[in-house]
Every structure is written in structure tokens, then in C-alpha cells.
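Okay, so here's the structure we're looking at.
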Amino acid sequence: MPIEQTSIDGLLVVRWDTHDDDRGFFRQTYQVRELDEALGRPVTFRQGNHSHSVPGVLRGFHAEPWDKCVYVVRGLAMAAIADIRPDSPTFGTVETFLLGAPPDGERIRLFISEGLANSFVTLGEERTDYLYDVSGYWQAGVTQPAVIWDDPDLGVDWPLEDPILSEKDQQNPTLRELFPDHPKWAGEDG
């Protein structure tokens, strides 16, 4: 099966073969039944979204109340997924991936379970198209926890020092500010 588990429960890598020839390539990017089997629960996608970004844009960390399956169809992006679920045994863990065309990126899909925080930065010289299918419909006023992109507790080694951020993402709290009483911080100074 082309589904790979990661160190974060609910974060899956979907890696299907790419079939190249002189016309280009063809690849399947996911099958819902394989996601269902890997997760042990059904997945239903309700909405498709498309993010188009110039080089140097960083979006996130955002934890929406739905599952998400992401894929870069053009350009290159470094995705960082953080577990910000306070009851999770991997709270504070981050995994990173280079998404996009080889040799710099990988043509893989990431399945990101509800509550995990997704972030990505666009790299290279061309615009990046980041597609994602989600299991819920967007609604105004829905709680969407967010964490600042350069949170020292998450320790992501971003390839840009001064990314382009939305005003909203510039104001995101740190993980400690979001969960100040979490046992992870017990016994630490600061």
C-alpha cells in the first residue's frame, strides 16, 4: 500500500508511482479507501481548495477542524506539520516535507488529520499551486487554532529568514501561549 505512517498520529504520506514518457507523466495521487484503511475510519472530502502563492510566501501554522489532503501541482513548497493537539502523545512534534516536482521536491500527498497544524513556505523562482481537499465545509467564525511560524518550541528550520506573511499569521501565538499549562512545559524556566 502506498500509505506511510509518520511519527505523528494522523499524518500520512501517500506515495504513488509516477509514470513518465515523452508526453509528460501520469500519476494517481490518492484513493479514499486506502486512507480509510490506514486511519481505521472513513474519510469523506467535502470541499477542494487551491492556494496560489508567489515565491517566499509562508502560510500557517493553521489547525482547522477538518481533515486535509494536500498536494503541490506546480512550484515547490516546504510543508511543516505540527501536532498541536494538547492531549496527543506527540504534542509539539513537527515533520517537514519538500513538495513539488523532483529533483527538489517529491510528488507526494500529505493526509493531515483534524487538529494538526499545517504550514508551508513557497520556494524557488515560480509561483506555487498548493491544492487541498478537506472533509468539512468552510464556515465563518469556526475556531481555527494557529501558532506563529517561527515558534522556538517547534524549532522548524525554515529555509527563509524573512518570509511574506499575512497580517493574521504575524499575530499568531506561540504554542506555549496557546497552551500555557500544558505538562510539556512543567519544570522548564520560561
Of all residues in the stretch 151-183 being under 17 Å from T93 (Cβ atoms) and open to solvent by 90 Å² or more (accessible area, probe 1.4 Å), which is modelled with the lowest pLDDT? P183
Scanning the stretch 68-90 for residues that are open to solvent by 10 Å² or more (accessible area, probe 1.4 Å) and either assigned to a loop (DSSP other than H, G, I, E, B) or touching a helix residue (DSSP H, G or I) at 6+ places or on another chain (Cβ under 9 Å) (or both), which turns out farthest from V142 (Cα to Cα)? G75
Restricting the stretch 113-147 to residues that are under 27 Å from D36 (Cα atoms) and polar (S, T, N, Q), which is surrounded by the most Cβ atoms within 10 Å (Cβ to Cβ)? S119
Looking only at the stretch 161-190, which residues are among the aliphatic types (A, V, I, L, M) and either touching a strand residue (DSSP E or B) at 6+ places or on another chain (Cβ under 9 Å) or closer than 19 Å to H62 by Cα (or both)? I164, L165, L175, L178
Give the residue, chosen from F45, F25, that is modelled with pLDDT of 95 or more, farther than 19 Å from T96 by Cα and open to solvent by 20 Å² or more (accessible area, probe 1.4 Å). F45
Index of the failed condition, G48 passing every other in (1) in a strand (DSSP E or B); (2) within 14 Å of the chain's Cα centre (by Cα): (2)
Picked from the stretch 15-34 (must be outside any loop (DSSP other than H, G, I, E, B) and charged (D, E, K, R)), the residue nearest to V72 (Cα to Cα) is R27
Filter result for the condition that a residue is assigned to a strand (DSSP E or B), in contact with a Gly (Cβ under 7 Å, 6 or more places away or on another chain) and either of a type in the set (G, A, S) or surrounded by 15 or more Cβ atoms within 10 Å (Cβ to Cβ) (or both), over L58, L98: L98
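The values are calculated or read from the model by the stated rules, or taken from the named source; none is laboratory data. Since this is a predicted model, take the numbers as computed values, not measurements. Note that we place each Cβ from the backbone using ideal geometry, even for glycine, and neighbour counts take in every protein chain shown. Just the protein is used for accessible areas: all its heavy atoms, side chains included, with ligands, DNA and RNA removed. Shrake-Rupley method; radii C 1.70, N 1.55, O 1.52, S 1.80 Å.
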